[in-house]
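Working notes for the structure below.
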Protein chains: 2
Amino acid sequence: MGEYKAPLADILFAFNDVMKMPEHYASLGYEDATQDLTDAVIEEGAKFAERELSPLNQSGDTEGCTLTDGVVTTPTGFKAAYDIYVENGWPSLSHSPKYGGQGLPESLGIVGSEMYGTANWSWAMYPGLSHGAMRTLVAHGTEEQRELYLTRLISGEWTGTMCLTEPHCGTDLGLLRTRATPQEDGSYKITGNKIFISAGEHDMAENIIHIVLARLPDAPEGVKGISLFIVPKFNVGSDGVKGERNGVVCGSLEHKMGIHGNATAALNFDDATGYLIGPANEGLKCMFTFMNTARIGTAIQGVAHAEWGFQNSLTYAKDRLQMRSLTGDKAPDKEADPIIVHPDVRRMLLTQKAVAEGGRMFIYYLSQQNDLTHESKDEATAEHADHLLQFLTPVAKAFLTEIGYESANLGMQCFGGHGYIHEWGMEQNVRDARISMMYEGTTGIQALDFVGRKLLMNKGESFKIFGAVVNDFLKESSGSAAKEFRWPLRKMMWEWKYVTLRLMAASAKDREMVGAASVDYLMYSGYIIMAYLWARSAMIAGQKLEAGEGDAAFYQAKLDTARFYYAKLLPRTRSLKATILSGPSTLMAMEEKNFQF
Amino acid sequence: MGEYKAPLADILFAFNDVMKMPEHYASLGYEDATQDLTDAVIEEGAKFAERELSPLNQSGDTEGCTLTDGVVTTPTGFKAAYDIYVENGWPSLSHSPKYGGQGLPESLGIVGSEMYGTANWSWAMYPGLSHGAMRTLVAHGTEEQRELYLTRLISGEWTGTMCLTEPHCGTDLGLLRTRATPQEDGSYKITGNKIFISAGEHDMAENIIHIVLARLPDAPEGVKGISLFIVPKFNVGSDGVKGERNGVVCGSLEHKMGIHGNATAALNFDDATGYLIGPANEGLKCMFTFMNTARIGTAIQGVAHAEWGFQNSLTYAKDRLQMRSLTGDKAPDKEADPIIVHPDVRRMLLTQKAVAEGGRMFIYYLSQQNDLTHESKDEATAEHADHLLQFLTPVAKAFLTEIGYESANLGMQCFGGHGYIHEWGMEQNVRDARISMMYEGTTGIQALDFVGRKLLMNKGESFKIFGAVVNDFLKESSGSAAKEFRWPLRKMMWEWKYVTLRLMAASAKDREMVGAASVDYLMYSGYIIMAYLWARSAMIAGQKLEAGEGDAAFYQAKLDTARFYYAKLLPRTRSLKATILSGPSTLMAMEEKNFQF
């Protein structure tokens, strides 16, 4: 029953006005990526998401994927939608013309990823995983490997996967057991069991290129003995022609809470032919080079479910008549008022709205830093952007998926008991959203990366760099709206610094402080980062209003949402500050045997 | 895969040591309800839950209920378990001997409700709904109605339902349309459509007694024109013999996110024969007399899912090996440490534990006030208890189900990606928990009841009465543990009073303040009420430790959990205080048309 309408007004505002992407593209030398072109690309992407993907969202959930005699069938319509996606050239959008790509910026592709993902997350995961495989080949493949595999992934003819997890190891990849035995012809025989492989087997493309983590015979133990391999579902001749089936089969599909339309496969590799990518034993390091984009890809899921839940609960809140406003009848001609008049329903709607729109800015901001990191010709600019990208990515992944899940639940809550019924789609939105806090590194793991690697190991340097970005904004911001948000934001930045210094000092004394405070500190930081983005957005809305440009109602809504964010969501930092500073003792005191009697 | 083991040590501690139920029963004249007897009843209930209900929890979810030609089939084993339940005499436990009951206190039955519900919430809803119907008949039925229907509900031969919701009205029962037309023989013909009727149709008992809200022909509009009717599935002769099928049929079963084992029926009443209970047009008032117990029944669901998630994630956290502790290897002989060594995993486990055990005390405390309200011969005592019951019940319902759902999600999170897979049962625990914040009045509705009726209309009197209870505890508490918690609790009580006065003053000026602050204020109050209960529990644990009585490890764990609660959960009040006081303006500012562009 639920529907998706791409929020183009907001997307274009965040893209063009807040992030000034056309200027950013010009500065990177993307001559074709003018605003006329990027607007048109985004509008076409919106049509594809609305027309082809949204109608398959609920049916895909109900139907799911099936495995029969080793063959996985995706839900009705998924393959046809993928064929249109390929025909329209979407897979090649942000890839190099050298391998058949259109050479547009990665960040423009991200706008599409959000729209496809919001319309139908399960479907969008198939091209999403391909993208990960493509990035691996771009970064670490040989020229021959790129010619052979990358070109066909870019064309969309084939898709790709990332095969990391094994039954006994997910977070702790150092434990992995899949073996790679060298062959005389330079290839390897791969043997082992991988689980939770998204898009791991399906009927949407002719071949699947698996990127597999495995160990060489003489590999050191732990994470320093992992290498990366290409294992195609069908072997590929040097002419690119699909050959025999390789020794990799789908043993089973997982029965999951949600994302039923995506095939989550257990893959058994039995002497499958594979090819090393990148240096031996440096597989994990190679993976890290593109893990930031993969995590941005998952962070989008938070925005997606907040946006979908928002749109559908808003429609319901305007339609559903129940009770009267406490300040007098708002629809006296009807038997009751629409529930949108009730403050608590508005609280739930505005939370979803602030998360979706704030999260969108967060994603765009990160994708802009990602562009700069990889494309800027100026070394200092690239390094500056890389600091921001490394620092903010774990926050985006964990914070946005956590508040995205909360938003999906609030969307459902607006429906009361009806939200629990499958037909409305709200419960599917919650079920689909729930995985986002676990895969691609749980919230806890993102928080350890954030505090351990991006703050402590880095001695707070990236933190300072981001602080300077906000300070520059505070100095340069102008207009009455900027004035309104300047002081509360400045105060939060001071407090953040104080809390960070306290955390760093406490962690130096007691290592348990790192894990004890990490999730709360990540969430705390997330709320402040989003406050910065809302202040930027409010400043621009205020300037437009003062200049009398554009749709005043739209800019007024921006200001209203920013004020809501500062009044109702940003204060969550108060509790988080207290729990961060309360330290690890109450977590570590209980003896393991005393948890239960 | 999940299992349930009744947490008897904690149940008996909360029941006997914290709430001193045996003394309470003696004071009410329940001579049979000695501690020997109540302990034995609780232990027998635990066995029934563990042996008969827990094994059907996952299969019931997978199988669900089916409707074929108007006949609903419950999952395999549900009826057999119900038969054992009836044979063992459980339905009659806390009902009057006059109608075949065992005459034990209602609060003792509540202990069983938690255990059955934790083992298998879907199953426990069948007797749970019966209990609601029984309470209605006890409070408002004629002697003849009680003889005819109540006796057979108490014996468990039949079950009951509560039929309130219609497609266009849930929260706003004033809008309901089901009609009752008087007949010459004093009966009524009931016509209308009811939805979301839990346990509304099934194969577990011979007859179903529906309690139905409907309108008489001359009824005033709105809530003042609703009457209450008995509508049996099979008509019943004056001799109690089951006769012809009545005009009520199950039109469909809802496809829900969870609680698949419980049949959620759409019931069509077509000239069904019904009998008025209680005075005409006072149906809603009649319902309110037992709505507190119904809400306590739903509040239990928060405890149930927190307890189930806790037990199963604790087992997993001890088994699963992943990463090393940051303070050195804890299991050097294994390939990694069990994840329970990591502070963030402990945070998730302890949150669930604190919610389950704190929630259990909350439920017992309320059920004690419920006993006193209805059973105390001293009028002042009964009135005092009624104040507490009325005031605290909406908090228990909304607060415990909200934090119970959070706990279920944390239990799932401990499993990482495995939590998303059906097999482990953690995702079912989340799906089943999700309804608890919506049915029996959403969190928003409980909050309006709490702030609107229980605080403002009552001019803060009940608030003062509860404050005096806590103050008495603070004065009388003794021992070193009491000393430790006294100051933080006292501070919170002062702050609560301050926030309450501010809220009352602001609501007098702007009625939107009520709805704007209600949910945050309810949650804020919930954390403080639970802090009081944890302080009580800690004081007793401290006294036992100082006296060298009982299992020191158990009491040490109590103290550790109380300290965790004060350090990591109670500080959530800080954010809530800020959002309560920030008022309604940022919620109400946005024009309805500006929510979306």
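Of A:Thr500, B:Thr289, B:Thr443, how do they rank once you tally other Cβ atoms within 10 Å and put the fewest first? It would help to have the intermediate numbers written out before the result.
Values: A:Thr500 20, B:Thr289 15, B:Thr443 24.
Placing the least packed residue first, the sequence is B:Thr289, A:Thr500, B:Thr443.
Can you give the FRET efficiency to the nearest 0.05 for A:Glu591 and A:Asp203, using r as the Cβ-Cβ distance and R₀ = 51 Å? Mind showing how you got there, number by number?
Values: r = 53 Å, r/R0 = 1.03.
Plugging the Cβ-Cβ distance into 1/(1 + (r/R0)^6) gives 0.45.
Residue by residue through segment B:553-559, what is 3J(HN,Hα) from phi via Karplus (6.51 cos²θ - 1.76 cosθ + 1.60, θ = phi - 60°)? Round to whole Hz and write x for glycine and proline.
Karplus values, whole Hz, x for Gly and Pro: 4, 4, 5, 4, 4, 4, 4.
Can you list the distances in nanometres, one decimal and ascending, from the A:Pro220 label point to the identical position in each other copy, with the point 7 Å along Cα to Cβ?
With the label placed 7 Å along Cα→Cβ, A:Pro220 yields 8.3 nm.
When only DSSP loop residues count, what GluC sites (Glu not before Pro) in segment A:503-597 have their Cβ near at most 12 other Cβ atoms within 10 Å?
Working: sites: A:Glu512, A:Glu546, A:Glu549, A:Glu591, A:Glu592; in loops: A:Glu549, A:Glu591.
Those that pass, being in a loop and sparsely packed, are A:Glu549, A:Glu591.
Between B:Arg245 and B:Thr76, what length in nm is gained on full extension when 0.36 nm per residue of separation is reduced by their alpha carbon distance? Can you show the working numbers first?
On the way: separation 169, 0.36 × 169 = 60.84 nm, distance 2.51 nm.
Computed gain between B:Arg245 and B:Thr76 is 58.3 nm.
If a/c stays under 1.5 just call it rounded; otherwise compare a/b with b/c (prolate if a/b is bigger, oblate if not). Do that for segment A:409-559, with a ≥ b ≥ c from the square roots of the Cα gyration tensor eigenvalues.
Details: a/c = 2.85, a/b = 1.06, b/c = 2.69.
It is oblate, given that a/c is not under 1.5 and a/b is not larger than b/c.
With a cut-off of 8 Å between alpha carbons and a minimum separation of six or more residues, what is the relative contact order of chain B in percent? Display every interim value, and only then the final one.
Working: 1060 pairs, mean separation 73.8, N = 597.
12 percent.
At A:Thr142 and A:Lys5, where each label point lies 7 Å from the Cα along Cα→Cβ, what is the point-to-point distance in nanometres?
Placing both labels 7 Å along Cα→Cβ, they lie 5.4 nm apart.
In whole Hz, what ³J(HN,Hα) sequence does segment A:67-75 give by Karplus (6.51, -1.76, 1.60; θ = phi - 60°), x for Gly and Pro?
Calculated HN-Hα couplings, in order: 10, 9, 6, x, 9, 9, 10, 7, x Hz.
Would you list, by chain and number, the aspartates and glutamates whose Cα falls below 13 Å from the Cα of A:Lys544, excluding same-chain residues fewer than 8 positions away?
By straight Cα distance, A:Lys544 reaches A:Asp17.
Looking at segment A:159-282, how many pairs of lysines come closer than 29 Å at the Cα, when each pair is eight or more places apart or spans two chains?
Taking the Cα cut-off of 29 Å, the pair count is 10.
Counting only other chains, and only Cβ atoms inside 10 Å, what mean value do you get across the residues of A:343-355? Intermediate values should be presented prior to the final figure.
Values: counts 14, 14, 3, 11, 11, 3, 4, 5, 0, 0, 3, 0, 0.
Mean shielding count: 5.
Taking amide hydrogens as modeled 1.01 Å from N in the peptide plane, which residues meet the under 5 Å criterion relative to A:Gly251, leaving out close sequence neighbours?
A:Ala266, A:Leu267, A:Asn268
Within 10 Å of each residue's Cβ, count the other Cβ atoms and sort A:Trp90, A:Trp308 from fewest upward.
A:Trp90, A:Trp308
Nothing charged except the Cβ atoms of Lys and Arg (+1) and of Asp and Glu (-1): what's the magnitude of the dipole of chain A about its Cα centre? Round to the nearest 20 debye. Each step should come with its number before you reach the end.
Numbers: 56 positive and 73 negative charges, 476 e Å.
It works out to roughly 2280 debye.
Using +1 on the beta carbon of Lys and Arg, -1 on that of Asp and Glu, and nothing else charged, what's the dipole of the protein assembly as shown about the Cα centre, debye to 20? Could you put the intermediate results ahead of the total?
Numbers: 112 positive and 146 negative charges, 773 e Å.
That gives a dipole near 3720 debye.
Please tell me which of these pairs span more than 21 angstrom C-alpha to C-alpha: A:Lys318/B:Lys577; A:Lys397/B:Lys330; A:Lys593/B:Lys334; A:Lys483/A:Lys568; A:Lys491/A:Lys577? Kindly include the intermediate steps, with their values, before the conclusion.
Values: A:Lys318/B:Lys577 30 Å; A:Lys397/B:Lys330 30 Å; A:Lys593/B:Lys334 19 Å; A:Lys483/A:Lys568 19 Å; A:Lys491/A:Lys577 14 Å.
Too far apart for the 21 Å limit: A:Lys318/B:Lys577; A:Lys397/B:Lys330.
Once the other residues with Cβ under 12 Å from the Cβ of A:Asp344 are scored (Lys, Arg +1; Asp, Glu -1), what is the net sum? It would help to have the intermediate numbers written out before the result.
Values: positive: A:Arg346, A:Arg347, A:Lys568; negative: B:Glu512, B:Asp520.
Its environment carries a net charge of +1.
I need B:Ser376, B:Ser59 ordered by Cβ neighbour count within 10 Å, fewest first.
Values: B:Ser376 18, B:Ser59 14.
Going from sparsest to densest Cβ surroundings: B:Ser59, B:Ser376.
Using each residue's phi in segment A:328-340, evaluate 6.51 cos²θ - 1.76 cosθ + 1.60 at θ = phi - 60° and report the 3J(HN,Hα) Karplus result to the nearest Hz, with x for Gly and Pro.
Those phi angles translate into x, 4, 9, 10, x, 7, 10, 6, 7, 7, x, 5, 5 Hz.
Loop-only check: which trypsin sites (Lys or Arg not before Pro) in segment A:359-414 are DSSP coil with at most 11 other Cβ within 10 angstrom? Could the numbers behind the result be given before it?
Numbers: sites: A:Arg360, A:Lys377, A:Lys397; in loops: A:Lys377.
The qualifying sites are A:Lys377.
Just tell me how shielded B:516-527 is by partners: mean number of partner chain Cβ atoms within 10 Å of each residue's Cβ, no decimals.
Numbers: counts 7, 3, 4, 4, 4, 0, 0, 0, 0, 0, 0, 1.
Partner Cβ neighbours, averaged per residue: 2.
Can you give the mean number of other chain Cβ atoms that lie within 10 Å of the Cβ atoms in peptide A:567-573? Present the calculation step by step, with values, prior to reporting the outcome.
Details: counts 9, 8, 2, 3, 10, 6, 3.
Shielding by partners across A:567-573 averages 6.
Normalising by the residue count of segment A:394-541, find the relative contact order in percent from Cα pairs under 8 Å and 6+ residues apart.
Numbers: 112 pairs, mean separation 46.2, N = 148.
Value for segment A:394-541: 31 percent.
If Lys and Arg each add +1 and Asp and Glu each add -1, what is the summed charge of the other residues whose beta carbon sits under 10 Å from the beta carbon of B:Ala557? Numbers along the way, then the final one.
Numbers: positive: A:Lys593, B:Lys353, B:Lys558; negative: A:Glu591, B:Asp10, B:Glu357, B:Asp551, B:Asp560.
Once positives and negatives cancel, what remains is -2.
Under 19 Å from the 7 Å Cα→Cβ point of B:Ile84, by amide nitrogen: which residues of segment B:110-133?
Hits in segment B:110-133 for B:Ile84 at 19 Å: B:112-128.
Can you list the distances in nanometres, one decimal and ascending, from the B:Lys475 label point to the identical position in each other copy, with the point 7 Å along Cα to Cβ?
Once sorted, the set of distances for B:Lys475 reads 6.1 nm.
State, to one decimal in nm, how far the label point of A:His168 lies from the label point of B:Lys377, with both points 7 Å from Cα in the Cβ direction.
Placing both labels 7 Å beyond Cα along the Cβ direction yields 6.8 nm.
For A:Thr68, place a label point 7 Å from Cα along the Cα-to-Cβ direction in every copy; what are the distances to the other copies, in nm, shortest first?
Result, one decimal in nm: 2.3.
Determine which lysines satisfy two conditions relative to B:Lys377: a Cα distance under 20 Å, and not lying fewer than 8 residues away in the same chain.
Output for B:Lys377: B:Lys20, B:Lys98.
Net charge within 12 Å of B:Gly247 by Cβ-Cβ distance, Lys/Arg positive one each and Asp/Glu negative one each, not counting B:Gly247 itself? It would help to have the intermediate numbers written out before the result.
Values: positive: B:Lys189, B:Lys233, B:Arg245; negative: B:Glu244, B:Asp270, B:Asp271.
That works out to 0.
At a Förster radius of 56 Å, what calculated FRET efficiency corresponds to the Cβ-Cβ distance of A:Tyr498 and B:Asp69, to the nearest 0.05? Mind dumping the intermediate values first?
Details: r = 69 Å, r/R0 = 1.23.
Given R0 = 56 Å and the Cβ-Cβ separation, E is 0.20.
Where a number appears in this text, it was derived from the coordinates with a stated rule and is not lab data. None of the values given here were measured: they were computed from a predicted structure. No Cβ is skipped: glycine too gets one built from the backbone with ideal geometry, and neighbour counts run over all protein chains shown.
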